[in-house]
Amino acid sequence: MSGIYDFKVKNRKDEDVVLKDYKGKVLLIVNTATGCGFTPQYEGLEELYKKYHNKGLEILDFPCNQFGHQAPGTDEEIHEFCTAKYKTTFDQLKKIEVNGDEAEPVWVYLKEEISEDPEPKGMKNKLAMKAISKMPGVGKEKGFIKWNFTKFLVDRDGKVAYRFGPTDEPKEMEEKVKELIG
């Protein structure tokens, strides 16, 4: 594989989604969970989506149950939760793994492109990430996703431009989104 557009993933209905169909769009790719302390970030993701979707932003939301089993339920139940509680209008894709032998290939690619989360800002965020890094199973593989709500921003040409950690709120990414929207 040579780039993001070479991948295909599954939507929540188990249908193929070909990423080359997103050529020319800015992609915000995020692993999510419905029972996580970071779940309220769905509100900020939806705000970004509403504000920039018509300008070329797409959100690819991958539920992931790898971290504390915080994404229980079926893909449809996750979708119903998000649309009811957070009024999301972007679609969730099929639940995946982001680390280990069963990691979704597009996530392996994303981690290879930008392997480290940025340093968390603020003492609360630093303490949260320090606690997460001590949890069992938080691996040492290159680019390891530490927790739910790790986010990658991909430019219109398919280049992985930025990586944001779980504690980075969507509103903190807005300037980078605007930069890539152009």
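The values are calculated or read from the model by the stated rules, or taken from the named source; none is laboratory data. Remember, it's a predicted structure, so these values are computed and weren't measured experimentally. Using ideal geometry, Cβ is built from the backbone for each residue, glycine included, and neighbour counts are taken over all protein chains shown. To get the accessible areas, we keep the full protein, side chains included, count just its heavy atoms, and leave off ligands, DNA and RNA. Shrake-Rupley method; radii C 1.70, N 1.55, O 1.52, S 1.80 Å.
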Checklist entry - What's the longest bit of the chain with no exposed trypsin sites (Lys or Arg not before Pro), using DSSP loop states and at most 13 other Cβ atoms within 10 Å as the test? => result 24-86
Item to check | Rounded accessible area per residue of the chain, 1.4 Å, Å² | outcome: 50 Å²
Item to check | Within the accessible area of the chain (1.4 Å probe), percent carbon and sulfur | outcome: 50 percent
Item to check | About the Cα centre, charge dipole magnitude for the chain (Lys/Arg +1, Asp/Glu -1 at Cβ), debye | outcome: 480 debye
Checklist entry - In debye to the nearest 20, how big a dipole does segment 1-102 give about its Cα centre with +1 on each Lys and Arg Cβ and -1 on each Asp and Glu Cβ? => result 440 debye
Checklist entry - Under the definition of Cα pairs under 8 Å and six or more residues apart, what whole-number percent is the relative contact order of the chain? => result 28 percent
Checklist outcome for this item: Once Lys50 and Glu15 are pulled to full extension, the length gained, defined as 0.36 nm per residue separation minus their Cα-Cα distance, is 10.1 nm
Item to check | Linear extension gain, Lys176 paired with Asp157, 0.36 nm per residue minus alpha-carbon span | outcome: 5.3 nm
Checklist entry - Which of rounded, prolate, oblate describes the chain, given a ≥ b ≥ c as roots of the alpha-carbon gyration tensor eigenvalues and a/c under 1.5 marking rounded, otherwise prolate only if a/b is larger than b/c? => result rounded
Item to check | Exposed-loop-free span, longest in the chain, where GluC sites (Glu not before Pro) count as exposed if DSSP calls them loop and at most 12 other C-beta atoms lie within 10 Å | outcome: 16-101
